[in-house]
Amino acid sequence: MRKKIYLLTPGPTPIIEDVLLEMARPILHHRTPQFSAIIEEVKKGLQYLFQTKNDVLILNASGTGAMEGSVSNLFSSGDSVIVINGGKFGERWTEICRSYGLNVKEISVEWGKAVDPSIVRDILKRDKGIKGVFVQASETSTTVTHPVKELAEIVRDIDDTILVVDGISAVGVFDLPMDKWGIDVLVSGAQKGLMLPPGLSFVGLSDKGWRFSEDADLPRYYFDFRKERDNLRANTTAYTPAISLIVGLRKVLQDIREEGIETIFARHERLAMATRAGIVALGLRLLAPDSPSNGVTGFFLPDGVDGGRFARFLRDDLGIIMAGGQGHLKGKILRIAHMGYIGIFDIIVAISGLEMALKRFGYNVEFGKGIAAVQEILFMEMSDEGTGK
Ligand SMILES: Cc1ncc(COP(=O)(O)O)c(C=O)c1O
């Protein structure tokens, strides 16, 4: 029999069966009233998800495309910006900004830790010429959440500075109300909290962000935000869109609205808490104990365990796909994602598989200890509804 696979990586994430079926329908043509109606609906769904009154652009690209577009559309050559670099994706902001000739002041953050917002405040007070602050809401490589709300409070009153947030593994996972907090640019991608195959990315911009797009002088062509916005307003796209993905997106956004974002955030929080509890109960050390992301949990493997072999054992023998470490954490950590279409029994599977793999690799583990900790958390949150109590 074909092995049953449990995909517990922070992208791609599992896809709901109904959404797969929607995307399997015969292809539509994109210059038709039928497709325009879909765009119109999707636009509203994205505004609900991003919690903004402004347009949320839909780009044909993985998340990095929207990251790059946020640099090329909003800044000018030689502009000074702050990048908060506490992991692989912070590093990516720096790389993109430098390739476009921006002058990057990096705030290096220890992997596994969140940035201290007062450092950003102090730099912005000292240096009045900083045009942008770049950060990850959820730094997937270190499983950390950076304090976006506090950063937005610092940046929102500075007329000449925007806050650019990579929410690729955060949007649809935890609360990032764009308009309420004053996030200027919020980027996301399809294959994480949005539960779609990779290939789409999204960008929401504040009024200040749009003002920046008027002054920016960097070259751009395919990712031209103003062109995309004008087309979106006419319920179309500048170029051939990823039609089937957008059809899938409509279904996902309908589901998201039906469940409600508050319920979705609470569900992710519960799964994250249960995962962390299971890992700690097994005597393992969390990678980001102080500021963990609710979308993905990282933990150190016991000393002497080869992370690559351990992850391969989980994948090839047990069918459980977790993510390994990146950069200097390669081979030392594992990451279990609990974002999107993940249920409580996926977490039981993850922790149960972890117990078995640990034992197989010679680590003294008491079977059931991690699972019991997961169940305790999930049980606490269960309602009595339907029990007759
Ligand atoms: C926080 C974060 N930023 C950026 C990216 C890059 O996105 P993509 O691989 O879709 O280009 C990822 C993907 O893992 C991510 O998790």
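The values are calculated or read from the model by the stated rules, or taken from the named source; none is laboratory data. In this text, all values refer to a predicted model and were calculated from it rather than measured experimentally. When we count neighbours, we look across all protein chains shown, and the Cβ atoms used for this are built from the backbone with ideal geometry, even at glycine. Just so you know, the surface numbers come from the protein's heavy atoms only, side chains and all, with ligands and any DNA or RNA stripped out. Shrake-Rupley method; radii C 1.70, N 1.55, O 1.52, S 1.80 Å.
Of the residues that make up segment 281-295, is at least one among the small types (Gly, Ala, Ser) and within 25 Å of Ile58 (Cβ to Cβ)?
Scanning segment 281-295, I find at least one residue that is among the small types (Gly, Ala, Ser) and within 25 Å of Ile58 (Cβ to Cβ), so the answer is yes.
Within segment 327-340, identify whether any single residue is β-branched (Val, Ile, Thr), touching a strand residue (DSSP E or B) at 6+ places or on another chain (Cβ under 6 Å) and free of Cβ contacts under 8 Å to residues at least 60 places away in the same chain, and answer yes or no. Explain how you work it out, then say what you get.
Filtering segment 327-340 down to residues β-branched (Val, Ile, Thr) leaves 333, 336.
Retained after the next criterion (residues that are touching a strand residue (DSSP E or B) at 6+ places or on another chain (Cβ under 6 Å)): 333, 336.
Still in the running and free of Cβ contacts under 8 Å to residues at least 60 places away in the same chain: 333.
Within segment 327-340, one or more residues are β-branched (Val, Ile, Thr), touching a strand residue (DSSP E or B) at 6+ places or on another chain (Cβ under 6 Å) and free of Cβ contacts under 8 Å to residues at least 60 places away in the same chain.
For segment 150-161, give me each residue that is modelled with pLDDT of 95 or more and over 13 Å from Val120 (Cβ atoms).
The initial filter retains those residues of segment 150-161 that are modelled with pLDDT of 95 or more, namely 150-156, 158-161.
Those that are modelled with pLDDT of 95 or more and over 13 Å from Val120 (Cβ atoms): Asp159, Asp160.
Of the residues in segment 237-248, how many are surrounded by fewer than 16 Cβ atoms within 10 Å (Cβ to Cβ) and among the polar types (S, T, N, Q)?
1
Filter segment 364-386 down to residues that are surrounded by fewer than 18 Cβ atoms within 10 Å (Cβ to Cβ) and part of a loop (DSSP other than H, G, I, E, B), then give me how many there are.
Count: 10.
Could you list, in sequence order, all residues of segment 249-291 that are surrounded by fewer than 20 Cβ atoms within 10 Å (Cβ to Cβ), outside any loop (DSSP other than H, G, I, E, B) and touching a Pro at 6+ places or on another chain (Cβ under 8 Å)?
Passing the criteria: only Leu286.
Every residue in segment 309-322 that is open to solvent by less than 30 Å² (accessible area, probe 1.4 Å) and either touching a helix residue (DSSP H, G or I) at 6+ places or on another chain (Cβ under 7 Å) or over 22 Å from Asn364 (Cβ atoms) (or both), please. Quick ask: steps written out before the conclusion?
Step one: of segment 309-322, the residues open to solvent by less than 30 Å² (accessible area, probe 1.4 Å) are 310-311, 314, 319-320, 322.
Matches in segment 309-322: Phe310, Leu314, Gly319, Ile320, Met322.
Results for (1) of a type in the set (Ser, Thr, Tyr); (2) under 25 Å from Ile15 (Cβ atoms); (3) assigned by TED's automatic domain parsing to the domain that holds Val144; (4) touching a Pro at 6+ places or on another chain (Cβ under 8 Å), shown as yes or no for each residue.
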site: Ser293; (1), (2), (3), (4): yes, yes, no, no
site: Val305; (1), (2), (3), (4): no, no, no, no
site: Arg312; (1), (2), (3), (4): no, yes, no, no
site: Met322; (1), (2), (3), (4): no, yes, no, no
